Amino acid sequence: MRLDAVTAELRPRGDLESVDLGLALARRDFWRCWILWLMAMGPATVLFAWLLWDYPGWLLFFCWWFKPVGARMVLFQLSRRLFGEQPTWRALWHEVPRAWSRRFWYRLVWARLSPFLPVTMAVEDLEGLRGDAYRRRSEQLLRRGSGVLTTNFLLSDLLAGWFGLALFGLVVLLMPQGQDAVWTNAMEEWDPSDLTTIPPLILRTIGGCMLLAMSLADVFFTAAGFGIYVNTRTWIEGWDVELGFRRMAQRLGKVLGLISLMAVCAFSTDATARAERGGEANIPARRAPEEVIREVKSSPDFEVQKVKRKVAKSSDRDISFGGAGIAHGFATLLTVLAISAVVGLVAWMLWKYRHVFARAAEADSGGEKRPTARVVMGMAVTPESLPPDLTAAVWALWQQGRGHEALALLYRGTIARVIERGQVEIHEADTEGDCLRRVEAAGQVAHPPYFKRLTRVWIRMAYADIAPSDEDVSALCRDWPFAERRAA
Amino acid sequence: MSAYEAKVDTLQAVELAEGVEIRLRMAGPLLRLAAYLIDLCIKTGIWIVVFLVMMVAGVALGDKVTAGLLALIGFFMEWLYPTLFEAGRWSATPGKRAVGLKVVQVTGSPITVGQAFLRNILRWIDAMPFFTYGFGMASCLATRRFQRLGDLAAGTVVIYDRQPALPVVAAPPPIGAVPLPVGLTADETRTLVLFRERAGLWSAGRREEIADQAEVLSGARGAAGVARLMAMAHWVQEKRQGGGKR
């Protein structure tokens with residue numbers, strides 16, 4: 001038993017929850033368990049059927065009496081699987097005769113009617129205890145959950161009968177009418193109110209349904225009992241706590257050296273005190289490293305043989321079954337096709353939506369080409385649309401008396417420069433107010449005070465037709481902050 | 001067999017929208033059977049009362065009216081008895097409530113009227129063949145959350161509503177308290193406390209075996225390790241919390 005390989009969540013549960021755990025375990029391995037049950041009981045059933053063909057009631061009784069054999073196989077499978085081991089069919093097959101012969105007189109005759117069978121059988125089969133040890137261990141384990149076990153014992157046969165009748169009902173429902181003369185005759189002959197004379201065919205059908213229902217019920221109720229057994233052991237042996245400690249040790253193991261150092265420092269007084277009392281508590285702290293290494297290595301975690309054997313087996317199977325090889329090749333082909341399809345799709349998408357990336361690249365590259373707005377308020381603001389010496393052109397226009405055009409040129413020239421040099425993002429739909437706000441947000445590089453002054457003059461000129469004085473215009477031209485070219 | 005296989009468990013973790021994980025304790029078929037039988041008894045009781053009343057009233061009303069009324073009452077009781085109770089404040093029929101079960105959505109929230117109606121309409125499918133509940137039982141055993149067909153259709157589960165108090169059988173209290181030498185995660189601290197609280201159930205030898213697993217923490221094996229772990233658990237439970245209060 002390897003606790004760290006356990007494949008169910010161990011925690012102390014209530015009795016009914018442990019039954020649910022058992023049912024969940026049975027569900028995981030249902031087909032295996034059921035086939036095993038049938039494997040153990042099948043030959044015997046055939047034998048009984050041959051001997052007792054004319055007495056279906058006795059046949060049913062004998063199968064019912066010996067059903068612990070099937071339960072034994074279910075228990076074998078569930079317990080191996082719980083601790084992370086999947087027994088091979090060969091091993092399971094070898095287990096069948098043992099399931100019949102192990103303590104036959106006790107288990108299948110004397111203690112057959114014990115309601116605690118799933119737990120005591122686990123003690124006998126899984127723990128291998130006999131005699132006095134068996135008795136004491138069983139008593140100890142039955143302190144918890146014996147009530148539910150008794151209920152289950154009664155319920156298992158009750159429900160098996162109940163669902164046996166359900167199956168029979170299903171058979172009657174699904175049997176095509178008038179197709180099978182024998183069956184139809186038997187059904188017509190059958191008078192349900194008279195229980196003493198049921199036609200043999202009907203009786204055998206009912207018996208078969210009962211057997212089937214019994215096998216299913218027994219798989220689940222055995223698993224329920226096993227759940228109780230596991231839960232009881234979790235309680236009285238602290239399996240969950242041990243697992244928790246193991247996980248903790250694994251985590252802390254990484255800083256083992258540091259901790260042991262700390263432990264030695266922190267508890268040295270404690271240890272010496274105990275040493276004076278003659279205790280043996282401080283001995284482990286001084287153990288030789290070789291001893292520790294040997295102990296660690298003796299842990300089952302270091303066994304590697306099993307892994308090797310499994311690898312060999314799987315390669316064997318690959319060779320022996322041609323079908324597996326073909327399937328493997330087919331799978332590879334499918335994988336390659338799928339991958340190439342995905343690659344093709346991605347490439348096609350990239351090509352189809354390349355403009356997205358082109359635009360993103362432009363936005364990223366910044367400076368040189370930023371046509372955020374080519375036209376603002378109906379005025380072209382690209383550098384190419386402006387005269388080389390802007391302020392001179394503005395002044396010339398002003399002198400000619402075309403004041404509106406002069407200020408418009410100055411304003412759009414300023415916006416063009418603000419876009420170009422100040423890196424201000426101005427959109428085509430922006431108003432003067434928006435432009436001013438953006439320039440102010442851009443900071444000193446865009447010269448917000450000048451822009452504000454110009455904007456006020458421009459708005460008065462454009463919308464209110466109030467012309468500024470000559471001095472104002474010449475000052476605006478003189479103070480134009482983007483005019484390196486003229487200075488040079 | 002893969003090591004990554006999910007462990008079998010009767011709890012199902014559900015992550016809520018807030019990122020909090022809760023665990024629903026799925027209830028298996030046995031207790032639900034008990035709840036069903038209790039409900040059956042209650043319904044039978046109601047039927048007996050109704051029949052007695054109708055026998056008296058039938059003298060005045062006449063046979064046909066009585067038969068019609070009985071059919072109506074039967075109809076409403078079969079369809080509405082579970083639906084109304086499960087959609088109501090209890091989220092459970094009286095039988096379920098008596099044994100401590102509750103119907104909730106798969107996400108853990110209370111079920112709606114529509115879901116209650118759906119899962120109880122499909123009860124008639126689950127009850128097949130011939131009201132033996134064979135289909136319901138098969139579906140219940142075959143699904144991870146013990147859902148019958150009605151549950152699967154409505155997206156509901158039946159969970160344990162009451163958490164039974166797990167007995168604490170603590171070992172004799174330790175003499176001193178030893179602070180933890182390293183920081184432990186919440187799970188690890190809980191394990192340490194569980195070790196103390198359940199140690200009374202274990203034999204001395206088993207205690208040492210378990211404590212040996214935590215040698216990294218205690219720095220000692222055998223009885224000394226047990227004593228040190230107990231002292232640490234004592235510190236975690238008493239001293240550290242006391243320090244927090246001060």
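No lab work stands behind these numbers, since they all come straight from the coordinates. Everything numeric in this text was worked out from a predicted model, so none of it was measured. A quick note on method: Cβ atoms are made from the backbone with ideal geometry, for glycine too, and the neighbour counts reach across all protein chains shown.
Here are a few things to note about the model shown:
- When A:Lys452, A:Lys67 are sorted by how many other C-beta atoms sit within 10 angstrom of their C-beta, beginning with the fewest, the order is A:Lys452, A:Lys67.
- Summing Cβ point charges (Lys, Arg +1; Asp, Glu -1) relative to the Cα centre of chain B gives a dipole of roughly 500 debye.
- Of the DSSP H helices in chain B, those with a Cα length along their own long axis of 24 Å or more and a mean Kyte-Doolittle hydropathy reaching 0.5 comprise B:29-61, B:63-87.
- Rh (Kirkwood; distinct C-alpha pairs) - the protein assembly as shown, Å: 34.6
- Estimated dipole of segment B:24-160 in Debye, rounded to 20 [Cβ of Lys and Arg +1, of Asp and Glu -1, Cα centre]: 480
- Volume per residue of the C-alpha convex hull in segment A:186-247, rounded to whole Å³: 113
- Burial ordering of A:Ser193, B:Ser109, A:Ser79, fewest other beta-carbon atoms within 10 Å first: A:Ser193, B:Ser109, A:Ser79
- The modelled label-to-label distance between A:Ser474 and A:Ala429, using points 7 Å beyond Cα along the C-beta direction, is 4.3 nm.
- Long-range HN-HN contacts of A:Ala8 with modeled amide H, under 5 Å: B:Val8
- Taking one quarter of the surface of the C-alpha convex hull of segment A:3-237 gives a mean projected area of 14.3 nm².
- Mean projection area, nm², convex hull over Cα of chain B: 21.3
- Orientation-averaged projected area, Cα convex hull of segment B:166-237 (nm²): 4.4
- Only DSSP H runs of four or more residues enter the estimate; each adds -39500 (n - 2.57), and after division by the residues of the protein assembly as shown the mean residue ellipticity at 222 nm equals -21000 deg cm²/dmol.
- Per-residue Cβ neighbour counts within 10 Å put A:Ser101, A:Ser156 in the sequence A:Ser101, A:Ser156, beginning with the fewest.
- Computed with the Debye formula from one identical point scatterer per Cα of segment B:24-160, without solvent, the log10 of I(q)/I(0) at q = 0.13, 0.14 Å⁻¹ comes to -0.58, -0.65.
- Charging the Cβ of each Asp and Glu at -1 and of each Lys and Arg at +1, and nothing else, the dipole of the protein assembly as shown about its Cα centre rounds to 1800 debye.
- Restricting the calculation to Cα atoms, every distinct pair contributes to the Kirkwood radius of segment A:81-161, found to be 14.3 Å.
- Positive-end residue of A:Gly57, A:Leu173, A:Ser146, charge dipole of segment A:3-237 with Cβ unit charges: A:Ser146
- Calculated FRET efficiency for the pair B:Ala60/A:Trp58, C-beta based, R₀ 60 Å, to 0.05: 0.55
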